[in-house]
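The structure appears below as structure tokens.
The values are calculated or read from the model by the stated rules, or taken from the named source; none is laboratory data. On a predicted model such as this, the values are computed, not experimentally measured, just so you know. Quick reminder, even Gly has a Cβ in these numbers, built from the backbone with ideal geometry, and neighbours come from all protein chains shown. Side chains included, ligands, DNA and RNA excluded: accessible areas come from the protein's heavy atoms. Shrake-Rupley method; radii C 1.70, N 1.55, O 1.52, S 1.80 Å.
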Amino acid sequence: MAVLDTAVLARDDRMPLALTVNGRPVRIEAEPRTHLADLLRDTLDLTGTHLGCEHGVCGACTVLLDGEPARACLTFAGACEGAAVTTIEGLDDDVIATELRAAFNREHALQCGYCTPGMLIAARDLVLRLPEADERRIRVGLAGNLCRCTGYAGIVRAVRAVIAERRARGIPTRTPGADVPRGLGPVGARTGTATVAPTPLPAAAPAEGPAATIVIAKDFRPAHTFAQSFDVAHPPDAVFALLGDVEAVAACLPGAVLTGSPRPDAVEGALRVRIGPIAARFAGRARIEHDAPARAGRILGAGGDAGGRSATEGEIRYRVEAGERAGTARVVLSVGYTLKGPLAQFGRPGLVRDLAGRLTAEFARNLEARLSGVAPAAPADLHPIRLMLGLLLDPLRRRLAAWRASRP
Ligand code: FES
Ligand code: FES
């Protein structure tokens, strides 16, 4: 098979990349910030992969990474080393895609066609997985692909028809990518070449379950960092003391549960994160450092999801300062994280910052309630529409505030 060597401009920050695109081995160079959709469209001329929101919301950019649907707009090209990428062009001769295209035509499941490549790839995955033509499961399965034209009825009919016909012909379900060996990294990536040697948590109590295999990297260097702060109407010493109580902190953090007996310097637990239909439960371990004289601390943790295919490492540094008003405190957080695996598609800094901002706001409310002797409120899931609106509106709010501040 011929290897496609793509000529690129010489740029110091480009990284070499070898992957398979639509069955052809490709060697290419990409800047670290280049996402897979730009690489496919701009460098490989595979313009069937469409870009709509570039925030992971509309699904127009859906491609297959090692047989599984993935958002190309949220997947860094550099994280796809070794992956097999299939775009809509690569499904020209695919039997299921052919049946779906015919059904889409028959059922008037497209108008402008902008969503159609991503929709077909998502639908093909449903045809492979769903045992029967269940309309509710099809609608849930396609919830990550938005169509501005059709009202979805024709799309759902087309997918139902293909599933029903295939099952009637005795064709069973199949798990896509089941024959592909899995490793850490975005769907399809082979990132087993990490340069940082992981070090087990020193002198930790023996662990069982998923957390037993979690290690925390020595000299962890996060891929992304951001800062947060919040005010609490209680004295700094009281706030700092509560932050040193691991069980109290876990009770205030939405989605967090402890899975072992915490020690002052180490904890084992799980964090459930849910954004609308996207849900993950990370189990892991953390090392805790307290600097009482400085009223500061550091939590360094590593975790993986239940399937072991997404992994994260993160560091939270915190400092408790005196607030603007006497008897109040300001908690200043500096957060660094690295997210690998399928969920890295949703690890785009703006999205994570927004999610962390909402988690921090809820944590602050619960902390305040606990310090006041009130039971913390039950955690609420984050609705994807609110999240998207937040992402769209926050920059506008910031610009408006800057404009107001610049007026004489
Ligand atoms: Fe909308 Fe990727 S462009 S999800
Ligand atoms: Fe126009 Fe779906 S057919 S967006």
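When all alpha-carbon pairs of the range 19-116 are counted, what percent fall beyond 21 Å?
Cα-Cα pairs of the range 19-116 separated by over 21 Å account for 31 percent.
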List the residues whose amide H sits under 5 Å from the amide H of residue 60, counting only those 5 or more places along or on another chain, with H placed 1.01 Å from N in the peptide plane. 52, 53, 146
Between residue 290 and residue 45, what is the spin-label point distance in nm, taking each point 7 Å from the Cα along the Cα→C-beta axis? 6.4
Give me a comma-separated list of calculated 3J(HN,Hα) values for the range 283-296, in order, Karplus coefficients 6.51, -1.76, 1.60 applied at θ = phi - 60°, integers in Hz, x for any Gly or Pro. 9, x, 9, 9, 9, 10, 10, 10, 10, 4, x, 8, 6, 9
What is the gain in length, in nm to one decimal, between residue 272 and residue 245 on full extension, counting 0.36 nm per residue of separation less the C-alpha to C-alpha distance? 7.7 nm
Ignoring ligands, DNA and RNA, what percent of the accessible area of the range 42-171 is carbon or sulfur (1.4 Å)? 51
Run through the range 87-171 and list the GluC sites (Glu not before Pro) located in a DSSP loop whose Cβ has at most 16 other Cβ atoms within 10 Å. 132
Between residue 140 and residue 31, what is the label-point separation in nm under the 7 Å Cα-to-beta-carbon projection? 4.1
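Per residue, how much accessible surface does the range 42-90 expose to a 1.4 Å probe? Answer in Å², no decimals.
30
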